[in-house]
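I have placed the structure first, in the form of structure tokens, so that the comments after it can refer back to it.
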Protein chains: 2
Amino acid sequence: MDDATGPDGQRRPAAPGVVRMRDVARTAQVSTMTVSRALKDPGKVSADVRRRVEEAVRAVGYVPNKLAGSLSSRRSNVIGLVVPSIENSLFASTVQGISDVLRQHDHQLMIADSGYSAVAEEAAIRAFLGQRVAGLILHDTTHTPEAVAMIRQSGVPVAENGTLTPTPIDMVVSYSNFDAAKAMTLHLARLGYRRIALVTLPASTNARSRDRQEGYRAALAEVGLPADPRLMLEMPPGLASGAEALLRLLEGGAAPDAIFFAGDVLAIGAVLECIRRGWPVPEKVAIAAFDNIDLLAHLVPPVTTLRLPRLEIGRRSAEVLLDRIQGRSTSRVSIDLRFEIIHRAST
Amino acid sequence: MDDATGPDGQRRPAAPGVVRMRDVARTAQVSTMTVSRALKDPGKVSADVRRRVEEAVRAVGYVPNKLAGSLSSRRSNVIGLVVPSIENSLFASTVQGISDVLRQHDHQLMIADSGYSAVAEEAAIRAFLGQRVAGLILHDTTHTPEAVAMIRQSGVPVAENGTLTPTPIDMVVSYSNFDAAKAMTLHLARLGYRRIALVTLPASTNARSRDRQEGYRAALAEVGLPADPRLMLEMPPGLASGAEALLRLLEGGAAPDAIFFAGDVLAIGAVLECIRRGWPVPEKVAIAAFDNIDLLAHLVPPVTTLRLPRLEIGRRSAEVLLDRIQGRSTSRVSIDLRFEIIHRAST
């Protein structure tokens, strides 16, 4: 079957744009100029006209060419987002927040996945700037110098949101991984735990893991507990990895009385291993996690964790970008959306 | 601080594009025409020239204006994807597959979230066509008539991938929800279970749930088991919802000996409720799930489920679109990527 032939056997028009603005005007019984005004600046026409035009747009299947509009103004209405992994549901929640706000303001979201690599992030940023995006949101806060230079030269506003970096390229909307890890470690110490272990993802490629390790050390120093290197593990992501960390720590020579997993999937893997072996939590060992994913509240026992404002980070990141793009603000911002400890039966 | 001033206090250029192709040419020590050729059609220059141009592009921070290029050819290099929920990790896996393939072929992905609404899907499709996307991928297979008409008129290729619909708009890459649900129900019947319950998400807004219900009924008919309406439940998504379905079925007047949850989160909620109450699985009741998410293999006991080709569906959807866009294929395709039953201790 020919490319230009639709599934119904009828020939399709070779190029888009066959339905024109004048078709909308005819259906809405207004002038073409009124249609143009209603689409560009709906506040300038009456509610009745706006409604008639909207209905006519839908009835005739009119598709305004946003691309041509954006070229003439040298800007698209697209926001580019780079996340370390699209498949990670923590980032998905931030994506949802961004998407909700952009949809309300007639902007589109384009997403790229860096696979936790700064070089891949740079390539995605280059591609986005090539599309003349109106703004960028970057989850990572460690970038190649080339990426930073490209963004600065483009003049495009950018919001970073992986951690509350003290040296943002432009704007930052996040929470402090240092403060959050410190608060949870202090929480465990106040409950009376004395040998508190920390398990993170590998810190060499992940600024968030490094900040969490430093927050943990700062808390131990504050309450006068020794920092035992045998109680700090870096593990790859995954449920099996959490189970393995649990066994290595408990069967090592320095068994902890509490383990703080700065990574939820790791914590879940550890609790499931305890269930499998019939080890009571927190009597055998207390377990705390980092992010309030739904499952932690339903595990047996429910797991103590931090509530981080993932969705709100997405929403606020989109809002500060739109404020800048639409000229409501010219200032750089650093927004700390904080966190909360959720105490449950596992500690 | 002024908008046009960078974080380092230096003024930024007001518009992008200050680094030009001739800067790349100078650095690479080739002509501007050679740079243009190397970027547009890398196969036409030598490997050495290609490498020098690539290094120069990176060194000077050159960003080709893809938007201008796409306007002149009336097509962008963007693929638009509409999923029912960005936050759902099953869709995230498909997104990852699409993203992997597109990145290799210098295409970008733009994602919209329909919130399971055909009207919101139509709005997203209109926005994408306005951006002159090169192709569309739609996870839902139920659309408004206006959306279908718009897509046909645009001539843009589209791949649907939520279920193996017999009436695709254009191309379909998926598995059959009917076949998968039928196969799992037959599997439970062959293990000797006689009162098999089915729990799905609400079917009125979800073609996948409807197909699964029909596959379940077809299996019961095939093995001569009666279809008891008390054994079919529709539940909202969520862990708590799975636990509630378990209790309603077991405490109702027609207690099942096996429950097939056509929704993984529901199945996990049910197994966690069994752990909490000390009910042995499968002795008290067998439990099967629909999608092979990692957690199911680590639950206690591990849960029988279906392995569905989520990542592969994403990859193949992107490939068939690129084949069409790049002129390697003119045919409509319907690709069934099948599934596999994974038998574990829960049944």
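Derivation of every value follows stated rules applied to the coordinates shown; laboratory data play no part. In this text the structure is predicted, and so the values were computed from the model without any measurement. Please note: Cβ atoms are built from the backbone with ideal geometry, for glycine as well, and neighbour counts cover all protein chains shown.
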(Q) Taking the Kirkwood radius as the inverse of the mean 1/r across Cα pairs, report the Rg/Rh of chain B. (A) 1.11
Q | Rule-of-thumb Rg ratio for region A:274-346 [Cα; 2.2 N^0.38 Å; N residues] | A | 1.67
Q. In a shell of Cβ-Cβ distance under 12 Å around A:Ala118, excluding A:Ala118 itself, what net charge do Lys and Arg (+1) and Asp and Glu (-1) give?
A. -4
Q.
Give the separation of the Cα centroids, region B:204-236 to region B:281-334, in Å.
A. 20 Å
Q | chain A, helix-only ellipticity at 222 nm - DSSP H runs n ≥ 4, -39,500 (n - 2.57), divided by all residues, nearest 500 | A | -14000 deg cm²/dmol
Q | Angle between chain A longest axis and helix A:145-154 axis [Cα atoms, degrees, rounded to 10] | A | 30 degrees
Q) With Cβ to Cβ distances under 11 Å as the rule, what net charge do the other residues near B:Gly43 carry (K, R +1; D, E -1)? A) +3
Q) Could you give me the ³J(HN,Hα) list for region B:97-102, computed from phi with Karplus coefficients 6.51, -1.76, 1.60 and θ = phi - 60°, whole Hz, x at Gly and Pro? A) x, 4, 4, 4, 5, 4
Q. Distance from the Cα centre of region B:119-146 to that of region A:132-162, in angstrom?
A. 29 Å
Q: Add +1 for every Lys or Arg and -1 for every Asp or Glu among the other residues with Cβ under 14 Å from the Cβ of B:Gly224, and state the total.
A: +2
Q) Using Cα atoms only, what is the angle between the long axis of helix A:310-325 and the major principal axis of chain A, expressed in degrees (0 to 90) to the nearest 10? A) 40 degrees
Q | Rounded to whole Hz, the Karplus (6.51, -1.76, 1.60) HN-Hα couplings of region B:254-269, x for glycine and proline | A | 9, 3, x, 9, 8, 10, 9, 8, 8, x, 5, 5, 4, 4, 5, x
Q) Angle, helix A:177-190 long axis vs. longest principal axis of chain A, Cα atoms, 0 to 90°, nearest 10? A) 30 degrees
Q. In terms of modelled amide H atoms, which long-range or inter-chain residues lie less than 5 Å from the amide H of A:Val78?
A. A:Gln108, A:Ala134
Q.
If N is the number of residues in the protein assembly as shown, what value comes out of its Cα radius of gyration divided by 2.2 N^0.38 Å?
A. 1.03
Q. Can you list the aspartates and glutamates whose alpha carbon is less than 19 Å from that of B:Lys44, not counting same-chain residues fewer than 8 positions off?
A. B:Glu54, B:Glu55, B:Asp106
Q) region B:206-260: percent of C-alpha pairs farther apart than 18 Å? A) 39 percent
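Quick one: A:Asp323, A:Asp113, fewest Cβ neighbours within 10 Å first, how do they rank?
Ordered by Cβ neighbours within 10 Å, fewest first: A:Asp323, A:Asp113.
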Q. What share of all Cα pairs of region B:177-307, in percent, falls into each consecutive 5 Å distance bin?
A. 2, 12, 24, 26, 23, 10, 3, 0
Q.
From the phi angles alone, apply the Karplus equation (6.51, -1.76, 1.60; θ = phi - 60°) to region B:279-293 and give each ³J(HN,Hα) in whole Hz, x where the residue is Gly or Pro.
A. 7, x, 10, x, 4, 6, 7, 7, 10, 10, 10, 10, 10, 7, 6
Q: Find the percent of Cα-Cα distances in region A:21-145 that exceed 27 Å, and round it to a whole number.
A: 37 percent
Q. What does the convex hull of the Cα atoms of region B:72-204 come to per residue, in Å³, rounded to a whole number?
A. 126 Å³
Q.
List the residues, sorted by chain then number, that are 5 or more residues from A:Ser117 or on another chain and whose placed amide H is less than 5 Å from its amide H.
A. none
